[in-house]
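*Asks:* Take a look at this one; I'll ask things after.
The values are calculated or read from the model by the stated rules, or taken from the named source; none is laboratory data. Owing to the predicted nature of the structure, the values given are computational and were not obtained by experimental measurement. With ideal geometry, Cβ positions are generated from the backbone for all residues, glycine too; neighbour counts draw on all protein chains shown. Side chains are part of the model used for accessible areas, which takes the heavy atoms of the whole protein and leaves out ligands, DNA and RNA. Shrake-Rupley method; radii C 1.70, N 1.55, O 1.52, S 1.80 Å.
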Amino acid sequence: MEPKPWRDRVREEEELLARLNHLASEAAARRAEALLEGVEELGSKAEVARALGRSWQAVDQAIRRYKRRHAPPSDTTTTE
């Protein structure tokens, strides 16, 4: 059996990386949603961080990234 040409192997690996990046992005969003639920339950990001044994900054950054990516598009029109 002849090995696959390098171009084919590169293309396959790029496709795999794209799928993995997509899956990681989805997992990060689900994690941030869970962190937000924790904030609602415990009252603050610091309490969530303590409960998980994480730094406050890690919790804050995860939530900020999520909110930036899932923010509604800003509408530049006015209602005046």
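*Asks:* Out of (1) at positive phi; (2) open to solvent by 100 Å² or more (accessible area, probe 1.4 Å); (3) not aromatic (F, W, Y), what's the single condition that is false for E40?
*Replies:* Only one criterion is unmet by E40, namely (1).
*Asks:* Pairs needed: first member in segment 53-76, in contact (Cβ under 8 Å) with a residue 40 or more places away in the chain; second member anywhere, in a helix (DSSP H, G or I); C-beta distance under 8 Å; at least 6 residues apart or different chains.
*Replies:* R69/A29; H70/A29
*Asks:* Contact list please: Cβ distance under 9 Å, first residue in segment 25-37 and surrounded by 13 or more Cβ atoms within 10 Å (Cβ to Cβ), second residue outside any helix (DSSP H, G or I), pairs at least six apart or on different chains.
*Replies:* A29/H70; A32/H70
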